[in-house]
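K.L.:
I have a structure I would like to understand better, so I am pasting it below and will then ask my questions one at a time.
Quick note: the coordinates plus some simple rules give every number you see, no bench work behind them. What you see is a predicted model, and the numbers here were worked out from it, not measured in a lab. For neighbour counting, all protein chains shown are included, and Cβ atoms are generated from backbone atoms with ideal geometry for every residue, glycine included.
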Amino acid sequence: MHGKIMGTGRCVPDKVVDNDYLSTVMDTSDEWISSRTGIRERRIATTESTVTMAAGAAENALLSAGLGIRDVDMILVATASPDNFVPGTACEVQAILNKEAEEVKTDPENPSGTYEACHAVCMDINAACSGFIYALSVANAFIQCGQYRNILVIGVETLSKIVDWSDRSTCVLFGDGAGAVVIGASEDGIFRHLLHTDGSMGHVLSCHCRDNNNPVVRNEVQTGYVQMDGQEVFKFAVKRVPECISELLEQNHIEKKDINYYLLHQANVKIIKSVAKRLGEEMEKFPVNLDKYGNTSAASIPILLDECNRSGMFKKGDKLVLSGFGGGLTWGAVLLEW
Ligand code: UT7
C-alpha cells in the first residue's frame, strides 16, 4: 500500500501585484525582476491569512477527491509562515473544516444531515520551500505503514508578512497562496519519495525569530525577516535537484524518458531551465507558473499541481516527478503515477 493523489485544490489571494507596481514603491523594474527570475506578478494577502488560504485549498482538494472532512485521518500543513506559533495551522484547518461541516447539519435544506466531528491527527511541518515534498513523504510513510488511509496535505505561505519590504533583493521574489492534495491509500501505480537535508548550510536562507524584549537574557536583536544569499541558493538548487531526481529514478529503475512531467518548486525559471538541461530533458516537460505567483515556497508545487490537474494536462498512468528545495537547506523529490 502506498499513497495516491485523489484530489487537488488551491486558494490564492485576490490581490495581484505586478512588477510595474513594485517599481513605483521601490528601486526596481519589471526588466530586472522578469529577466533574472521570470516573475511578472504575485498574489499578496490582504484579507486572507495562512489559515484561511490553507482551509480554502483543503476544501477544494476534498471536493475534487469527492471526500468530506470526516473521511480524513490526518492533516499535514507545510508552512514557514504560520499565523501563530501555537496552535499549529493544521489544527486550525481542522477546526474550520469541522465548523463548516457542522453548519451543513443546521442547514434548513438538509435538516436530517448528521454530523460527527473529524478528529484527524494534525501537525505542521517546516522545511521551507521543500515543505510540501516533506509533508507528502510523511503522508506516504503513514499510508505505507498502514496507520492512515486518507491524508490531507497542504502547502501554504503568507510570505508577504515575513519579507523585508525595504530589501529589494528578496521582497520582489515572493508571493502568498496555498495548494492542497488528498492522498489516499492505493495498491495501484507508484509513490516513492527521497529527502535530503544539510543543516550546516542553514545560514544561506533564513528567517530568525524576532527579539521579544526578554528582560532576563538580552539577546542580540533579530530582524524577523527572510534573508537570503541568492547566488548560493541558486548554485545549491541547480546541483542538488537534478542529483536527487536522478537518484530517485535510479532507485526505482525508472528512466527519464518515462517521466511525463517534472513539477519543480517555482523559485526562478533559470533554475528550472538549468535542472532540465542537467537532466537532458526538454522544458516542455516542466510546467511553469511562477510568472503569475512568484515564489510561494511550500505552496508553489501544490498550486502548480492543481492548475495542471484542472487544465486536464495529466492522463491516468502518467509518471510525475515533484521536487522541492530551499531553506534548511532541504531538498527532495517524489515520484508518482497519476
Ligand atoms: O525558494 C528558494 C529560493 N531562492 C532562490 O531560488 C533564489 C535563487 N537565486 C536567485 O534567483 C538569484 O540569485 C536572484 C534573482 C535572487 C538574484 O539574481 P542575481 O543575478 O544573483 O543578482 P545579484 O544578487 O547578484 O544582484 C545583482 C545586482 C546588484 O546590484 P550591483 O551590486 O550589481 O550594482 C543588486 O543590488 O542587482 C541589484 N538588485 C536589484 N536591482 C533591481 C538586487 N535586487 C534588485 C531588484 N531590482 N529587485
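K.L.:
Within segment 32-62, which residues are more than 18 Å from Gly155 (Cβ to Cβ) and more than 16 Å from the ligand (Cβ to nearest atom)?
P.N.:
Thr46, Thr47 - these are the residues of segment 32-62 that are more than 18 Å from Gly155 (Cβ to Cβ) and more than 16 Å from the ligand (Cβ to nearest atom).
K.L.:
Looking only at residues that are in a loop (DSSP other than H, G, I, E, B) and in contact with a strand residue (DSSP E or B) (Cβ under 8 Å, 6 or more places away or on another chain) in segment 298-338, which one is farthest from the ligand (Cβ to nearest atom)?
P.N.:
Per the criteria, the residue is Gly317.
K.L.:
Out of everything in segment 153-175 that is of a type in the set (Asp, Glu) and within 23 Å of Glu31 (Cα to Cα), what residue ends up being farthest from the ligand (Cβ to nearest atom)?
P.N.:
The qualifying residue farthest from the ligand (Cβ to nearest atom) is Asp164.
K.L.:
Restricting to segment 259-297, name every residue that is surrounded by fewer than 17 Cβ atoms within 10 Å (Cβ to Cβ), free of Cβ contacts under 8 Å to residues at least 60 places away in the same chain and either out of contact with any helix residue (DSSP H, G or I) (no Cβ under 8 Å at 6 or more places or on another chain) or in a helix (DSSP H, G or I) (or both).
P.N.:
Of everything in segment 259-297, those that are surrounded by fewer than 17 Cβ atoms within 10 Å (Cβ to Cβ), free of Cβ contacts under 8 Å to residues at least 60 places away in the same chain and either out of contact with any helix residue (DSSP H, G or I) (no Cβ under 8 Å at 6 or more places or on another chain) or in a helix (DSSP H, G or I) (or both) turn out to be Lys273, Lys277, Arg278, Met283, Glu284, Lys285.
K.L.:
Considering only segment 142-152, I want to know if a residue exists there that is surrounded by fewer than 16 Cβ atoms within 10 Å (Cβ to Cβ), touching a residue at least 40 places away in the same chain (Cβ under 8 Å), within 16 Å of the ligand (Cβ to nearest atom) and small (Gly, Ala, Ser).
P.N.:
Checked segment 142-152: no residue is surrounded by fewer than 16 Cβ atoms within 10 Å (Cβ to Cβ), touching a residue at least 40 places away in the same chain (Cβ under 8 Å), within 16 Å of the ligand (Cβ to nearest atom) and small (Gly, Ala, Ser).
K.L.:
Residue pairs, Cβ under 8 Å, 6 or more apart or interchain, first in segment 115-133 and more than 28 Å from Gly202 (Cβ to Cβ), second part of a strand (DSSP E or B) and of a type in the set (A, V, I, L, M). List them.
P.N.:
Within 8 Å, the pairs are Ala120/Met74; Ala120/Ile75; Ala120/Leu152; Val121/Met74; Val121/Ile75.
K.L.:
If we scan segment 181-198, do we find a residue that is within 15 Å of the ligand (Cβ to nearest atom), crowded, with 21+ Cβ neighbours inside 10 Å and closer than 19 Å to Ala78 by Cβ?
P.N.:
Checked segment 181-198: no residue is within 15 Å of the ligand (Cβ to nearest atom), crowded, with 21+ Cβ neighbours inside 10 Å and closer than 19 Å to Ala78 by Cβ.
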